[in-house]
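Accompanying notes for the structure given below.
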Amino acid sequence: LCFVSSYNKFIKFWKKMNNGTANHLLCCNCIEPIMTVSFECTECTDLVLCGLCFCCGAELGQHKRVHGYRVHNIGGPCAFPNEFDAQTEAWTTREEFRMLDMIERYNLGDWEEVQKAVNPSRSPEEIQLHYENCYLNGRLGLEILGNVQYPKLTDHTSNIEVDETLSAEVKESLSKINPNELRLLAYMPDRDDYEKEYLNEAESIIANLIFVPDCSELDKEVILCAINMYIAQLRERCRAKSLSRDYDLVAQFFKDQKIAGNTNPWKYSPYDIRRMKEERELKESLKSFCQFLAAEDFVTLVKNLLRERAVKTRISDLQEYIKNGVTTLKGLLCKIFLISLI
């Protein structure tokens, strides 16, 4: 009685498993999904065996191997009966439809995912070979694809000479930098790129994006926002590169390095050092306006501001002289002479 009770519990569990598994019928003995042919016992209630367990004469509970049985072809008839020999298990209609659905879902080539849904007992190589022999290269493929006329493509670029030289703007910028400095910068002239670009981590924004055809509207908006952020950083990179080329920042950088490393104190006079310091400070204060002005306009602006500052200084000195009673050049020279005697 205990054995019968356990068997009845197993049958209830098997029914529950089959109800929860809509795509596969489970074997009562090995609990494996039955994909092709099943054997139902006519004397036991709800007892179904797969082909392997039936051939081995499996007995469980009240079931005996001598009981009567009915054969059910779960997968339907074979769609390509002439494509299989005695050693190869024929494909059922159910497997064919499932294979085509999975190929449409996972795209052609992902045979591992297709194999999981079609029949776990078949290998991915077998599924790929079946698809190629029966659909692409078989009668069905020849009938469908045989009359397809593909458009003829004409190469219109064969007679066009491509100018592989650098642009005049890039050439002019490179002419001011010696090759050793270019190697130090890891600059690639033919591509006009640096080994380490400005905003070098910009590509990480879209590196892990996954495009799914049936994604939600929110996911699409998130992906589009990430792409827009990446495009904005690319524009900023191009703008910085254009500013660097327009203002010759690389050549100016190496020039400043040479001036800073100069140990000859007699090469520049105190007046030159003071003037260079004022010019450098003025350029530093106006650096934010470089993005709105061309390089020539910026240089002109700096010269005019320096000239304005010099004129204002000269006017202030003359006003000081007039305040002290010096109104002529002769009087100024006399005052300077008297000051030198004190």
Check: Can you find a residue in the range 102-110 that is part of a helix (DSSP H, G or I) and at pLDDT below 85?
Finding: yes
Next item on the list: Just name the residue that is farthest from the chain's Cα centre (by Cα) out of those in the range 158-173 that are charged (D, E, K, R) and either at pLDDT 65 or above or surrounded by 10 or more Cβ atoms within 10 Å (Cβ to Cβ) (or both).
Entry: 172
Next item on the list: Could you grab the pairs with beta carbons closer than 8 Å, sequence gap of 6+ or different chains, first residue in the range 49-61 and more than 14 Å from residue 35 (Cα to Cα), second one outside any loop (DSSP other than H, G, I, E, B) and of a type in the set (A, V, I, L, M, F, W, C)?
Entry: 54/39; 58/49; 60/10; 61/3; 61/4; 61/10; 61/11
Notebook entry, point to check: Looking at 271, 247, which one is at pLDDT below 85 and not assigned by the TED database to the domain that holds residue 187?
Noted result: 271
Checklist line | Some residue of the range 118-134 being closer than 14 Å to residue 35 by Cβ, part of a helix (DSSP H, G or I) and at pLDDT below 85 | finding: yes
Next item on the list: Any residue in the range 240-255 that's touching a residue at least 60 places away in the same chain (Cβ under 8 Å): show its pairings with residues that are part of a loop (DSSP other than H, G, I, E, B) and surrounded by 15 or more Cβ atoms within 10 Å (Cβ to Cβ) at Cβ separation under 9 Å, as long as the two are six or more apart or on different chains.
Entry: 245/192; 248/177; 250/177; 251/177; 254/177
Margin query: Pairs needed: first member in the range 142-157, at pLDDT below 70; second member anywhere, of a type in the set (Ser, Thr, Tyr); C-beta distance under 7 Å; at least 6 residues apart or different chains.
Written below: none
Note to self: Could you go through the range 207-214 and let me know if any residue there is surrounded by 13 or more Cβ atoms within 10 Å (Cβ to Cβ) and either among the charged types (D, E, K, R) or not assigned by the TED database to the domain that holds residue 294 (or both).
What the structure shows: no
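The values are calculated or read from the model by the stated rules, or taken from the named source; none is laboratory data. The structure presented is a predicted model; accordingly, all values stated were derived computationally and were not measured. We place every Cβ from the backbone using ideal geometry, glycine too, and count neighbours over all the protein chains shown.
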